[in-house]
Structure formats: structure tokens, C-alpha cells
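Chemist: Take a look at the following structure, please.
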Amino acid sequence: MKTVLLKLDDSTFCETESILTRIKKPRNRYINEAVSFYNKIQKRQLIEKQLREESLLVKDESIRVLNEFESVDYDNQAI
């Protein structure tokens, strides 16, 4: 386990302390859970950004292939 010095805004600290009193959870556990949750959100946003960028890279080719499929006359082809 690593030790981290954390500086919080006064309002964030007061709000956190108020919540901790009500939920009866240790401050360290609460902050660990909060950082873990935020890491998951950030990872998801990074994946979404990567998917958007990769989609743009293949967009034109995907449209070209789709147009080719749409132009095929399936009624006149022997199966």
C-alpha cells in the first residue's frame, strides 16, 4: 500500500467528513473507493475516445463497402 499526501478544498473536506459521519466508513476506505470509481470512469472515457478515433479512420472504407453491397442485384444471381 502506498502513502499519498492529499490536499482537499475546505468545502470538499467538510462535505466528505459529513458523509463519513453518516455512513460510518473510514476516511481512507472512502477515498480509496472514490479514486477506484473515478479510475473506472476515466478508463471508459479513454476507450470511447479511442473507438471514436478508430471509427473515423475506417468510416470512408465502410461506406464504400456498404455502397457496393447495396448495388449488388441479388434477384438476378443464381444461388
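Rule-based calculations on the coordinates, nothing more; no lab input. Just so it is clear, the structure is predicted and the values come from calculations on it, not from any experiment. In this analysis, Cβ positions are derived from the backbone assuming ideal geometry, glycine residues included, and neighbour counts consider all displayed protein chains.
Chemist: Quick one: work out Rg over Rh on the C-alpha atoms of the chain, Rh as Kirkwood radius.
Modeler: 1.45
Chemist: Arrange Tyr74, Tyr30 by Cβ neighbour counts within 10 Å, fewest through most, would you?
Modeler: Listed from fewest to most nearby Cβ atoms, that is Tyr74, Tyr30.
Chemist: Another question, if that's okay. Taking only Cα atoms, what is the 0 to 90° angle, nearest 10, from helix 27-71's long axis to the longest principal axis of the chain?
Modeler: Its long axis makes an angle of about 10 degrees.
Chemist: For Lys2, which aspartates and glutamates qualify as cross-link partners when the Cα separation must be under 19 Å and same-chain residues fewer than eight apart are set aside?
Modeler: The reachable aspartates and glutamates, counting only those whose Cα sits under 19 Å from Lys2, are Glu33.
Chemist: Find how much the distance from Lys40 to Arg27 grows on full extension, using 0.36 nm per residue of separation minus their present alpha carbon separation; answer in nm with one decimal.
Modeler: 2.7 nm
Chemist: Taking other Cβ within 10 Å of each residue's Cβ, how do Ile63, Ile31 sort, fewest first?
Modeler: Ascending Cβ contact count within 10 Å gives the list Ile63, Ile31.
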